[in-house]
Amino acid sequence: MSVEQPAWKALPDDRAELQFSDAKPAFSEAEAIIEANRCLYCYDAPCIKACPAGIDIPAFIKKIATGNIRGSARTIFKSNMLGVSTARVCPVDVLCVGACVLNDLNEQPIRIGRLQRYATAETLEAESRADWELFTPKAAIGKRVALVGAGPAALACAAHLVLEGVTAVIYEKDDRPGGLNLTGVAPYKLQSEAALAEAKWLLRNGVQLKTGVEVGRDIELEQLIKQYDAIFIGVGLGTDKALGIPGEDGPGVWGGSGLIRKIKNDPSFELPDDIQAVVVIGGGNTAIDIARELAMLGVPDVKMLYRRTVGEMPGYGHELQGARKYGVRLLERLTPTAVIRDGDRVTAFRATSTVSGVASDYPCDWVVVAIGQEKHAVHLAEAIEVDEKGRLVVDPRTRRTGHAKVYAGGDCINGGQEVVNAATDGREAAFAMLRSWDIAPELA
Ligand SMILES: Cc1cc2nc3c(=O)[nH]c(=O)nc-3n(C[C@H](O)[C@H](O)[C@H](O)COP(=O)(O)OP(=O)(O)OC[C@H]3O[C@@H](n4cnc5c(N)ncnc54)[C@H](O)[C@@H]3O)c2cc1C
Ligand code: SF4
């Protein structure tokens, strides 16, 4: 099928993210085959149950072992259209790899993410050179769906819809597709070029992409509801939350995801030489990521300040361990109190011990506030219910909102989970739309 590919603004080639190397490089063919042959192909495999997308992991590993790489990739994409990026960004230690039975046998668990990366990357590379397609889209069925946002949730949904002959049109406020895969995920896991290459593959069967269009500002959701047979909302989360403490407003204080976005995509960002000490506030994965990224970029003193104890941190233990390898230190039981400045310049962060009640100053040049992101789905339509935490309310089976034509998925319904959850929501919403039109999705 020959369709016009959507184009987007080229990536600048002087991004700070290019200074990072791949933390888990791709397997060679020999490494992949040896690893695949270690799998026990368990009956009732716990790794499948631990995968939010429910990928048939032993089946795709078996196909690698028998040399059927294309079949292996089909098994992966059938359940997870974001199989390329999730192979690299999934927190496998707490999902499939953490559940692998080999852990109980005191053996190294199967490196499932790296096998997934091998199968998907090899196949897409082969597909780009050959005259076959991994999935062939069906003829148009006369249904049209608008998708809001071009992050993992909407990209997965659109990719499933076009395979069934649905016209899918994505409205994205940024210049490029990819969502947080492009702008947020740590550059030692996935860089922007790889995120865009995956988006291009997902859009290849005729998904239309309208960049620079913000729904709710440039076009109203109500208008889309009138024009299309169904809508999928995949807008993710909003801007970084602020602490609301004295001294916070002004230069030298960054939001966690905002600073990561600069490191990944902004050619004007360069870490100044005089930034010797940074205090990162928060205990989640974004706080850990930015702390590690700054340490890797050369900041000699990076401290994370968390209000509770390490055992209560929402961030993953393996990610904290990774940051500690680069010298990041964690200070516990501290409540943010004030940013101390000398004129405009940040000189310290004041925090109060939750144990002693004593306030101390931690000298620093920058403060990064990584305590979560605001929800921004609320303004989209009055007809769509939002819970007390600002998440869009959906039927957990279909991802349909209270509005009969509107579905939603990803961070805007779960408050911020992983790429694999967003991809699964996109898939389930696509299947539910198709079923509502009496079409049985082939990949279900
Ligand atoms: C710093 C950081 C690091 C992370 N690291 C990992 C990781 O290592 N592994 C992992 O699995 N997950 C990670 N995550 C989480 C993961 O990135 C998200 O769960 C996932 O991207 C959610 O996908 P989504 O499609 O719901 O939203 P997003 O990826 O946020 O995409 C939403 C898209 O919608 C667009 N949009 C928003 N509003 C509008 C509008 N009104 N009109 C048009 N377009 C709009 C946005 O511009 C964006 O492109 C990380 C998150 C952050 C913040
Ligand atoms: S649990 Fe481990 S050994 Fe068993 S099928 Fe899954 S990856 Fe293979």
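Here, each number is a calculation from the coordinates, and none is a lab measurement. It should be emphasised that the depicted structure is a prediction, and the values quoted were computed from it without experimental measurement. As a convention, Cβ positions derive from the backbone with ideal geometry for all residues, glycine included, and neighbour counts pool all protein chains shown.
Using +1 at the Cβ of each Lys and Arg and -1 at the Cβ of each Asp and Glu in the chain, identify which of 406, 245, 360 lies farthest towards the dipole's positive end.
Of the options given, the answer is 406.
Just to confirm my numbers, what's the Cα centroid distance between the stretch 195-227 and the stretch 77-107 in Å?
Measuring centre to centre over Cα atoms gives 30 Å.
Mind jotting down the distance between the C-alpha centroids of the stretch 315-329 and the stretch 253-292, whole Å?
The distance from the Cα centre of the stretch 253-292 to that of the stretch 315-329 comes to 15 Å.
Of 290, 148, 257, which is farthest on the positive side of the dipole of the chain, counting Cα position, with +1 on Lys and Arg Cβ, -1 on Asp and Glu Cβ, and the Cα centre as origin?
The residue sitting farthest along the positive end of the dipole is 148.
Can you give me the distance in nm between label points at residue 335 and residue 229, each placed 7 Å from the Cα along the Cα-to-Cβ direction?
About 5.6 nm, to one decimal.
Say each of residue 140 and residue 274 gets a label point 7 Å from the Cα, pointing the same way as Cα to Cβ; how far apart are those two points in nm?
Once both label points are built, they end up 6.0 nm from each other.
Report the residue, chosen from 127, 107, 293, that carries the largest GNM mean-square fluctuation when the chain is represented by alpha-carbon nodes joined by springs under 10 Å.
Greatest mean-square fluctuation among the candidates belongs to 107.
With 10 angstrom as the radius, rank 306, 188, 316 by how many other C-beta atoms surround their C-beta, starting from the fewest.
316, 188, 306
Have a look at 130, 26, 186 and tell me which one the Gaussian network model of the chain (Cα, springs below 10 Å) gives the largest fluctuation.
Looking only at 130, 26, 186, the biggest GNM fluctuation is shown by 130.
Between residue 219 and residue 358, what's the calculated FRET efficiency when r is the beta-carbon distance and R0 is 45 Å? Round to 0.05.
Plugging the Cβ-Cβ distance into 1/(1 + (r/R0)^6) gives 0.25.
Among 100, 207, 315, whose Cα sits farthest toward the positive end of the charge dipole of the chain (+1 at Cβ of Lys/Arg, -1 at Cβ of Asp/Glu, about the Cα centre)?
Toward the positive end, the furthest listed residue is 100.
Quick check: pseudo-label points 7 Å beyond the Cα along Cα→Cβ at residue 312 and residue 389, how many nm apart are they?
It is 1.7 nm.
Report the calculated FRET efficiency for residue 41 and residue 248 (r = Cβ-Cβ distance, R0 = 51 Å), to the nearest 0.05.
The pair residue 41/residue 248 has a calculated efficiency of 0.40.
As a test of the formula, what do you get for the chain when each DSSP H run with n ≥ 4 contributes -39,500 (n - 2.57) and the sum is divided by the residue count, at 222 nm and rounded to the nearest 500 deg cm²/dmol?
-9500 deg cm²/dmol
Which FRET efficiency, nearest 0.05, do residue 345 and residue 133 yield, Cβ-Cβ r, R0 51 Å?
0.35
Rounded, prolate or oblate: which fits the stretch 253-369, taking a ≥ b ≥ c as square roots of the Cα gyration tensor eigenvalues, rounded meaning a/c under 1.5, else prolate when a/b beats b/c?
It comes out oblate by the Cα gyration axes.
For the stretch 238-291, what class follows from the C-alpha gyration tensor (a ≥ b ≥ c being the square roots of its eigenvalues): rounded when a/c is under 1.5, otherwise prolate if a/b is larger than b/c, else oblate?
Rounded shape, in that the Cα axes give a/c under 1.5.
Work out the length of the dipole vector of the stretch 253-369 about its Cα centre, built from +1 on the beta-carbon of each Lys and Arg and -1 on the beta-carbon of each Asp and Glu, and round it to the nearest 20 debye.
Roughly 400 debye for the stretch 253-369.
Just to confirm the number: angle between the C-alpha axis of helix 112-129 and the first principal axis of the chain, 0 to 90 degrees, nearest 10?
Once rounded, one gets 50 degrees.
Report the charge-dipole magnitude of the stretch 5-89 in Debye, nearest 20, computed about the Cα centre from +1 at each Lys and Arg Cβ and -1 at each Asp and Glu Cβ.
Computed charge dipole of the stretch 5-89: roughly 360 debye.
Take every Cα pair under 8 Å in the chain that's 6+ residues apart, average their separations, divide by the length, and report that relative contact order as a whole percent.
Over the chain, the number comes to 18 percent.
Please identify which residues in the stretch 171-202 have an amide N closer than 19 Å to a label point set 7 Å out from the Cα of residue 437, following the Cα→Cβ vector.
171
Of the chymotrypsin sites (Phe, Trp or Tyr not before Pro) in the stretch 407-444, which ones lie in a loop per DSSP and count no more than 14 other C-beta atoms within 10 Å?
In loop regions of the stretch 407-444 (DSSP not H, G, I, E or B), the sparsely surrounded chymotrypsin sites (Phe, Trp or Tyr not before Pro) are 437.
Using the structure shown, select from 49/264; 189/405; 375/405; 78/189 the pairs with a Cα to Cα distance greater than 30 angstrom.
Long pairs (Cα-Cα over 30 Å): 49/264; 189/405.
Could you give the size of the charge dipole of the chain about its Cα centre, using +1 on the Cβ of each K and R and -1 on the Cβ of each D and E, expressed in debye and rounded to the nearest 20?
Here the size comes out at about 820 debye.
Could you list 264, 405 so that the one with the fewest beta carbons within 10 Å of its beta carbon is first and the one with the most is last?
405, 264
If amide H atoms are built 1.01 Å from N in the plane of the peptide, which residues on other chains or at least 5 residues away come under 5 Å of the amide H of residue 281?
305, 368, 369, 370
Given a cut-off of under 8 Å on Cα pairs at least six residues apart, what relative contact order in percent is computed for the stretch 253-369?
Dividing the mean separation by the residue count of the stretch 253-369 yields 29 percent.
The stretch 413-444: which GluC sites (Glu not before Pro) are DSSP loop and have at most 15 other beta-carbon atoms within 10 angstrom?
Qualifying residues, ordered by number: 442.
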